[in-house]
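Undergrad: Sharing a structure with you now.
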């Protein structure tokens, strides 16, 4: 049996106002060609289909067009919600998407409630334990959040997720290929820095031991760097389809091509995709700027210029974009102590609201009670999950 595992499309993603959807659409077209060429039996999409809970019509068109074309090839697919997706939105469309051969799950559920998807493929039976992103706020009961300290909450969350994973695996079939698909953080994963920090921290980081060993393949989403996780079962992140931001400069993007037969561990091959708009950082001193601008005049991707300066210049961004309009970021860096080193700016995609909230009061020599921190976290999670 041959499967494709892909993840973290982030359709609708914008980089400093530039919509990356056309690049993602090209990557999905390439996956379609591979699916046809390799005669795959199913395609697994492990979350973050969209970049925001309420995606643009163009982002939705690209996603649904991909699933429709897969269905035209008689290739079924299974898709789960990630932390960027609206679980309610995906669940509300599940019946409609099933007409295009897509089994879509928005919220986590146990096997008895539909958490295991069973498919009859051209090469045999396929059983997929599907674990969409599990929000702590929605997974834990209200009394757990208010009455237990952070460590107890963290343990309860992880215990609950582990229970669901084990429950899904308990419904696997001996005469089928058994695969687990989840959108989650596993300890030991290497980040790119573009993942949402709040949903990647200690609260959401699970041990590899949480994953049932009887899985023949574990397809993960959420971390953008394609990688294998050391685990009893073959466990892999497929990574994002494109270089999402400048934390992913130089990374090869693609999907996992899986060959697996009943009762045996999967064989996994990472298949790179064409990078149509590669990201690149250009670091230089102001005195060498013209030289670097000329060298990158025809660069096919997007550029980030970090320019060391003695004094903040006026019109620097206009000067750069006059030669290199593909420079989406231009950052002057003031030279301190005769050093021309260009430090990296704070990565706001890794912004941790809880830490910043605490720092705000710490800087004012005030102490926050655990109850206030918990209340702030609850409010942040509630509003961050409201569609735009």
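The values are calculated or read from the model by the stated rules, or taken from the named source; none is laboratory data. Bear in mind the structure is a predicted one, so any value in this text is a computation, not a measurement. Cβ atoms come from the backbone with ideal geometry, glycine included; neighbour counts cover every protein chain shown.
Undergrad: If the requirement is being modelled with pLDDT of 95 or more, in the same structural domain as residue 120 (by TED's automatic domain parsing) and assigned to a loop (DSSP other than H, G, I, E, B), which of these qualifies: 55, 22? Break it down stepwise before answering.
TA: On the way: 22 fails: assigned to a loop (DSSP other than H, G, I, E, B).
Criteria check complete, one pass: 55.
Undergrad: Go through (1) touching a helix residue (DSSP H, G or I) at 6+ places or on another chain (Cβ under 9 Å); (2) within 28 Å of residue 22 (Cβ to Cβ); (3) outside the structural domain of residue 30 (by TED's automatic domain parsing); (4) not in a loop (DSSP other than H, G, I, E, B) and name the single condition residue 306 misses.
TA: That leaves (1) as the condition not met.
Undergrad: From the list 250, 193, 188, 239, which one is touching a residue at least 40 places away in the same chain (Cβ under 8 Å), on the phi > 0 side of the Ramachandran plot, in the same structural domain as residue 49 (by TED's automatic domain parsing) and surrounded by fewer than 16 Cβ atoms within 10 Å (Cβ to Cβ)? Show your work before the answer.
TA: Details: 250 fails: touching a residue at least 40 places away in the same chain (Cβ under 8 Å); 193 fails: surrounded by fewer than 16 Cβ atoms within 10 Å (Cβ to Cβ); 239 fails: surrounded by fewer than 16 Cβ atoms within 10 Å (Cβ to Cβ).
It is 188.
Undergrad: crowded, with 16+ Cβ neighbours inside 10 Å, within 18 Å of the chain's Cα centre (by Cα) and farther than 18 Å from residue 131 by Cα: is that true of residue 41 in this structure? Break it down stepwise before answering.
TA: Working: crowded, with 16+ Cβ neighbours inside 10 Å: yes; within 18 Å of the chain's Cα centre (by Cα): no; farther than 18 Å from residue 131 by Cα: yes.
No.
Undergrad: Another question, then. When you go through 352, 363, 318 one by one, which is the residue that is in contact with a helix residue (DSSP H, G or I) (Cβ under 9 Å, 6 or more places away or on another chain) and either surrounded by fewer than 16 Cβ atoms within 10 Å (Cβ to Cβ) or modelled with pLDDT of 85 or more (or both)? Explain how you work it out, then say what you get.
TA: Working: 363 fails: in contact with a helix residue (DSSP H, G or I) (Cβ under 9 Å, 6 or more places away or on another chain); 318 fails: in contact with a helix residue (DSSP H, G or I) (Cβ under 9 Å, 6 or more places away or on another chain).
Going through 352, 363, 318 in turn, the sole match is 352.
Undergrad: Give just the number: which of (1) in contact with a strand residue (DSSP E or B) (Cβ under 8 Å, 6 or more places away or on another chain); (2) over 19 Å from residue 6 (Cα atoms); (3) free of Cβ contacts under 8 Å to residues at least 12 places away in the same chain does residue 207 not satisfy?
TA: (3)
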